[in-house]
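Take a look at the structure below.
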Amino acid sequence: MAKLRGTGIAAVNYPTGMNLGGDPSQALIHATTTGTFVISLSSTDLGQGLKTVIAQIGAEALGVPFEKVLIDTADTDTGPHCMGTFASRATHRVGNAVIMAAKEARKVMLEVAAEELEASPDDLDTDGQGNIYVKGSPERKIDITSVALAAHFKYGRSISGRGMYIKPKSPVDPETGKMDPDSTEAHACMVAEVEVDTETGEVTVLSLKSAYEVGRQVNPALVREQIIGGAFMGMAHALYETTAPYYPSPDHAPGNFSEYILPGPHELPRIESVVLEYPSVNGPYGVKGVGEMTANAPIPAIINAVSNAIGVRLTEFPITPEKVLRALERSPKMKQLTQASA
Amino acid sequence: MASRIVTFNLNGRDVEVMVKPLTTLQTVLREHLRLTATKSGCRQGGCGSCTVLVNGEPVLSCLLPVEDVAGQTVVTLEGITPVEGLHPIQQAFFDNYAIQCGYCSPGMIMVIKALLDRNPNPTRQEVMDAIAGNVCRCTGYESILRAAEDAARRLQTV
């Protein structure tokens with residue numbers, strides 16, 4: 001009986017969203033009478049923080065405080081169209097649509113403020129604190145609530161904007177096959193360290209260390225939580241999770257959480273990550289996206305680490321104790337160990 | 001079989017419900033009393049999202065016939081949430097990014113409440129043991145462990 005340690009690495013190139021053209025999202029923005037900017041979307045926040053980062057992007061593009069933005073994702077039947085929240089796409093696609101909508105809404109907001117301040121819209125700017133002021137003389141200013149009230153009740157205008165994002169389809173060059181299939185790519189590299197118990201076949205993941213290059217981070221704390229949650233889920237895929245444990249027969253397939261094997265808090269490895277920011281050309285403020293991609297690298301990294309530990313190449317995951325014990329039977333490392341102890 | 005009346009103390013108030021035999025506490029809370037903080041995940045004791053406190057102990061409300069809590073004290077997440085603001089454990093979850101989709105949060109918070117009530121200064125191992133029956137599919141548990149430790153510190157300084 002021994003505990004064998006191994007190290008494995010894996011790298012990911014992750015194209016954001018669906019590729020080969022298409023994959024649109026739309027956004028609508030309007031100000032309420034009191035100057036709250038409602039951003040209507042059909043993009044769903046699954047808990048990753050989409051509402052937070054879209055409110056940040058909307059606030060930045062409108063030039064209003066974060067607290068003045070309300071994200072409405074109430075109903076995909078009645079909201080503006082979105083393809084959905086998947087493939088690390090939502091911040092990139094929806095963020096672009098929101099910036100476009102915000103530009104239109106901001107233009108109206110400045111036109112109304114210009115009437116109230118008796119200035120040209122071109123001479124106005126927002127201070128990000130909820131005011132619009134005349135450039136060069138910041139004491140000549142008006143708050144956004146007053147602008148919204150004036151727009152609604154004095155000028156009969158709607159401070160609103162429409163936005164959409166779609167990546168045009170890239171034609172394939174018939175001679176070379178060359179094309180531009182994706183919008184942007186994020187990257188990651190991970191090193192996994194594991195320990196394999198040769199008696200039980202159990203694999204313990206000791207650490208998952210990674211570097212992520214995800215373009216501009218709109219919210220670094222949320223990026224970090226995506227990386228940690230994704231690392232854990234990737235580990236779960238590598239070692240535990242399967243809906244068909246005895247593939248191809250569906251007999252004994254797990255039907256619920258009591259039978260579907262998942263790791264828990266005791267299996268949490270040390271997770272460390274650094275994030276690099278190389279802004280994308282076409283993302284909102286340089287965003288690429290980080291979501292689904294965080295579950296990708298741990299799977300090959302852990303499987304490579306186990307193969308490294310036991311000296312046998314494993315090709316099917318999850319790597320259950322049974323698969324490890326069967327692999328150990330043909331492991332040269334195990335032969336050496338048994339010979340040494342004999 | 002005929003319905004019967006069951007009385008118990010819920011979040012500090014006596015409640016009376018009329019139920020068919022073997023109706024679960026989860027069903028009574030969510031469907032009869034419309035207290036939906038207690039979640040309905042797997043309905044067979046595998047996920048922990050329906051955890052409530054019965055006489056201070058964490059219990060899976062999906063497995064418990066409501067007759068079994070007759071005359072006893074039940075506390076749900078609604079019962080520890082103040083009218084204004086948040087309970088220190090909720091605030092710790094919020095500040096440590098321990099909530100993503102939120103489906104496990106009520107159960108996690110009730111389990112951690114029970115732990116901190118009897119052990120105000122738990123080790124990380126003790127927190128892991130306490131939440132081991134509660135499934136979280138978003139966070140990877142790290143932020144939840146952080147939040148529990150943070151909540152312990154906050155409650156000690158209150």
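The values are calculated or read from the model by the stated rules, or taken from the named source; none is laboratory data. What you see is a predicted model, and the numbers here were worked out from it, not measured in a lab. Note: ideal-geometry Cβ built from the backbone for every residue, glycine included; neighbour counts use all protein chains shown. Heads up: the accessible areas ignore ligands, DNA and RNA and are worked out on the full protein's heavy atoms, side chains in. Shrake-Rupley method; radii C 1.70, N 1.55, O 1.52, S 1.80 Å.
Just a few scattered comments:
- Complete set of residues in segment A:33-49 that are within 14 Å of chain B (Cβ to nearest Cβ), farther than 29 Å from A:Asn131 by Cα and either out of contact with any Lys or Arg (no Cβ under 8 Å at 6 or more places or on another chain) or aliphatic (A, V, I, L, M) (or both): A:Thr44, A:Leu46, A:Gly47, A:Gln48
Quick grid of which residues meet (1) open to solvent by 60 Å² or more (accessible area, probe 1.4 Å); (2) out of contact with any Lys or Arg (no Cβ under 9 Å at 6 or more places or on another chain); (3) modelled with pLDDT of 90 or more; (4) away from chain B (no Cβ under 14 Å):
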{"site": "A:Ala244", "(1), (2), (3), (4)": "no, yes, no, yes"}
{"site": "A:Ser249", "(1), (2), (3), (4)": "no, yes, no, yes"}
{"site": "A:Glu259", "(1), (2), (3), (4)": "yes, yes, no, no"}
{"site": "A:Pro263", "(1), (2), (3), (4)": "no, yes, yes, no"}
{"site": "A:Glu272", "(1), (2), (3), (4)": "yes, no, yes, no"}
{"site": "A:Tyr278", "(1), (2), (3), (4)": "yes, no, yes, yes"}
{"site": "A:Val281", "(1), (2), (3), (4)": "yes, yes, yes, yes"}
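- A:Asn308, sole failed condition from (1) part of a helix (DSSP H, G or I); (2) open to solvent by less than 60 Å² (accessible area, probe 1.4 Å): (2)
- Scan segment A:59-95 for residues that are under 20 Å from the mean Cα position of the chain (by Cα) and assigned to a loop (DSSP other than H, G, I, E, B) and the total you get is 9.
- Taken over segment A:235-253, the residue count meeting the criterion of being free of Cβ contacts under 8 Å to residues at least 12 places away in the same chain and either of a type in the set (Phe, Trp, Tyr) or over 18 Å from A:Thr315 (Cβ atoms) (or both) is 7.
- Looking across segment A:121-156 at every residue that is open to solvent by less than 30 Å² (accessible area, probe 1.4 Å) and in contact with a Gly (Cβ under 6 Å, 6 or more places away or on another chain), the one that is nearest to A:Lys103 (Cα to Cα) is identified as A:Thr126.
- Any hit, segment A:137-146, residues being within 22 Å of the chain's Cα centre (by Cα), among the hydrophobic types (A, V, I, L, M, F, W, C) and more than 17 Å from A:Val38 (Cα to Cα): no
- Here A:Tyr212 meets each of (1) outside any loop (DSSP other than H, G, I, E, B); (2) within 14 Å of chain B (Cβ to nearest Cβ) with one exception, condition (2).
- In this entry, A:Ile227 passes the filter for residues that are facing chain B (nearest Cβ under 10 Å) and open to solvent by less than 10 Å² (accessible area, probe 1.4 Å).
- In the set (1) touching a residue at least 24 places away in the same chain (Cβ under 8 Å); (2) more than 14 Å from B:Val135 (Cβ to Cβ), the condition left unmet by B:Val83 is number (1).
- Residue list for segment B:65-105, restricted to those being among the hydrophobic types (A, V, I, L, M, F, W, C), in contact with a Gly (Cβ under 9 Å, 6 or more places away or on another chain) and not in a helix (DSSP H, G or I): B:Val75, B:Ile99, B:Cys101, B:Cys104
- Here B:Asp68 passes the criteria (1) over 14 Å from B:Leu10 (Cα atoms); (2) open to solvent by 60 Å² or more (accessible area, probe 1.4 Å) except the one numbered (1).
- Each residue in segment B:137-155 was checked for being open to solvent by 10 Å² or more (accessible area, probe 1.4 Å) and more than 8 Å from chain A (Cβ to nearest Cβ), and 6 of them qualify.
- Within this structure, A:Glu199 fails the test of being assigned to a loop (DSSP other than H, G, I, E, B), open to solvent by less than 30 Å² (accessible area, probe 1.4 Å) and either in the same structural domain as A:Val306 (by TED's automatic domain parsing) or in contact (Cβ under 8 Å) with a residue 40 or more places away in the chain (or both).
- Test set (1) over 15 Å from the mean Cα position of the chain (by Cα); (2) in contact (Cβ under 8 Å) with a residue 40 or more places away in the chain; (3) at the interface with chain A (Cβ under 8 Å from one of its Cβ atoms) - B:Gln100 fails condition number: (2)
- Qualifying residue in segment A:82-102 (condition: at pLDDT 95 or above, open to solvent by 30 Å² or more (accessible area, probe 1.4 Å) and more than 30 Å from A:Asn19 (Cβ to Cβ)): no
- The set of residues in segment B:23-64 that are touching a helix residue (DSSP H, G or I) at 6+ places or on another chain (Cβ under 8 Å), assigned to a loop (DSSP other than H, G, I, E, B), charged (D, E, K, R) and modelled with pLDDT of 95 or more contains only B:Lys39.
- Any hit, segment A:96-109, residues being touching a residue at least 24 places away in the same chain (Cβ under 8 Å) and assigned to a loop (DSSP other than H, G, I, E, B): no
- Some residue of segment B:103-114 being within 26 Å of B:Ser3 (Cα to Cα), basic (Lys, Arg) and surrounded by 14 or more Cβ atoms within 10 Å (Cβ to Cβ): no
- Within segment B:106-136, if we keep just the residues that are touching a residue at least 60 places away in the same chain (Cβ under 8 Å) and part of a loop (DSSP other than H, G, I, E, B), the residue that is nearest to the other protein chains (Cβ to nearest Cβ) turns out to be B:Val135.
- The single condition among (1) within 24 Å of B:Arg118 (Cα to Cα); (2) surrounded by 13 or more Cβ atoms within 10 Å (Cβ to Cβ) that B:Gly56 does not meet is (2).
- Any hit, segment A:239-259, residues being in contact with a Leu (Cβ under 7 Å, 6 or more places away or on another chain) and assigned by TED's automatic domain parsing to the domain that holds A:Ala327: yes
- A single entry from A:Thr204, A:Thr176 fulfils the requirement of being modelled with pLDDT of 95 or more and under 26 Å from A:Ile271 (Cα atoms): A:Thr204.
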